[in-house]
Amino acid sequence: MYDFKEQTVIVTGGTRGIGRGIAESFLKAGAKVVATYSTNKAAAAQFKHDNRQFAENIDIQKLNVAKYEEVEKFFKYIDVNYGSFEVLVNNAGIRKDSILAMMKESDWHDVINVNLAGAFFMCKFAVKILMRKRYGRIVNVSSVMERYAFEGQANYAASKAGLSALTKSLSKEVATRGITVNCVSPGFVATELIQDIPDKLRESYLSRIPLRRFGSTEEIAACVLFLASKEASYVTGSTLEVSGGL
């Protein structure tokens, strides 16, 4: 297991789904975890309760990553309370599926604002701190939809493709400061994000996966921890696909 003792890790959308799996893996590896949530206060409370053995290392903050002012305020909080941090995991994301011709303008903007602009805002303030520290790890959670772009997900696929490109560009800007920036690109993972998929479509997706199963949050988290570790110091600007062979 990787050792993150004496490290502070920020995980957006860190109290449920893939984000929760990532946050819990960091806690088990000894990190102090600042996990954010946007609206689901009950899930945040449940996350804290279920991980009460790590209570002294859990800090839960309400944050809408799509709001620039909230992100700015959040990093002021980090600066005051922690002084710095070592790892940022941009995991917060939403889906609002619809075929493009019928997609509401608000659904397009909402998905782009959270999935892509939110990561931009988080990275913008994070690198200012990490560049002073001359060390840092940024891991962006993308999706295989950036490559496969299934029907009904034009907004989601576009946001994730943009996130991969942002990762590549930013990695070049901060490399000389000891900061790595990478993507983990999950395939289908058994979380509430895919619970609303109709059974017939679910079976279709499963048939495309060579391993014939959906992934687990722990399997995604293991890849995030590797990229966030000191051992991954020569990996930057990369996208690691975790999809069961899609």
Can you find, among 142, 180, 44, the residue farthest towards the positive end of the dipole of the chain? Put +1 on the C-beta of Lys and Arg, -1 on that of Asp and Glu.
180
If you take the alpha carbon radius of gyration of the chain and divide it by 2.2 N^0.38 Å, what ratio comes out, to two decimals?
0.96
The long-range amide H neighbours of residue 188, using H built 1.01 Å from N in the peptide plane and a cut-off of under 5 Å, are 215
Using only Cα atoms, figure out Rg for region 189-228 and give it as a multiple of 2.2 N^0.38 Å.
1.35
Would you mind computing, in nm to one decimal, how far apart the modelled labels at residue 204 and residue 79 are, each placed 7 Å from Cα along Cα→Cβ?
4.9 nm
With the Cα gyration tensor of region 134-239 in hand, give its eigenvalues times 5 under a square root as the equivalent ellipsoid semi-axes, listed largest first in whole angstrom.
29, 16, 9
Net dipole in debye of the chain [+1 Lys, Arg Cβ; -1 Asp, Glu Cβ; about Cα centre; nearest 20]
460 debye
Relative contact order (%) - region 2-150, alpha-carbon pairs under 8 angstrom, separation at least six:
24 percent
Enumerate the whole-percent occupancy of each 5 Å bin, from 0 to the last occupied one, for all C-alpha pair distances of region 110-192.
3, 15, 24, 23, 15, 10, 6, 2, 0
Percent carbon-and-sulfur accessible area, region 137-246, ignoring ligands, DNA and RNA, probe 1.4 Å:
54 percent
Can you tell me how region 33-84 classifies by the Cα gyration tensor, rounded, prolate or oblate, using a/c under 1.5 as the rounded cut?
oblate
Under unit Cβ charges (Lys, Arg +1; Asp, Glu -1), what dipole magnitude, rounded to 20 debye, does region 111-157 have relative to its Cα centre?
580 debye
Which of the trypsin sites (Lys or Arg not before Pro) found in region 32-117 are loop residues per DSSP with 13 or fewer other Cβ atoms within 10 Å of their Cβ?
104
Can you compute the modelled spin-label distance between residue 133 and residue 246, with each label point 7 Å from Cα toward Cβ, in nm?
3.1 nm
Long-range HN-HN contacts of residue 183 with modeled amide H, under 5 Å:
140, 238, 239, 240
Kirkwood-based Rg over Rh for region 1-69 (C-alpha set), two decimals?
0.96
Report, in whole Å, the centroid distance computed from the Cα atoms of region 1-44 and region 186-244.
17 Å
So with the 1.4 Å probe, I'd like the accessible area per residue for the chain, rounded to whole Å².
48 Å²
Does a label point 7 Å from the Cα of residue 28, set along Cα-to-beta-carbon, have any residues of region 210-243 with amide nitrogen under 18 Å, and which are they?
215-229
From the helices alone, meaning DSSP H stretches of at least four residues, give me the mean residue ellipticity at 222 nm for the chain, per-run term -39500 (n - 2.57), in deg cm²/dmol to the nearest 500.
-13500 deg cm²/dmol
Could you give the radius of gyration (one decimal) and Dmax (whole number) of the Cα atoms in region 1-139, in Å?
15.4, 50
When the dipole is taken about the Cα centre of region 1-145, and only Lys, Arg (+1) and Asp, Glu (-1) are charged at their Cβ, what size is it in debye, to the nearest 20?
200 debye
DSSP beta bridge pairing in region 62-198, given as percent antiparallel to the nearest 5
0 percent
Solution diffusion estimate, µm²/s, Stokes-Einstein, region 115-154, Kirkwood Rh from C-alpha pairs, 10 °C, viscosity 1.306 mPa s
131 µm²/s
With an 8 Å cut-off on Cα pairs and a minimum separation of 6 or more residues, tell me the relative contact order of region 80-233 in percent.
25 percent
Furthest towards positive pole of dipole, 169, 10, 130, structure part the chain, Cβ charges
130
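The values are calculated or read from the model by the stated rules, or taken from the named source; none is laboratory data. Quick caveat: nothing in here was measured; it's all calculated off a predicted structure. Positions of Cβ are generated from backbone atoms using ideal geometry, with glycine treated the same way; all protein chains shown enter the neighbour counts. Each accessible area value is taken on the protein alone, full model and side chains, heavy atoms only, with ligands, DNA and RNA left out. Shrake-Rupley method; radii C 1.70, N 1.55, O 1.52, S 1.80 Å.
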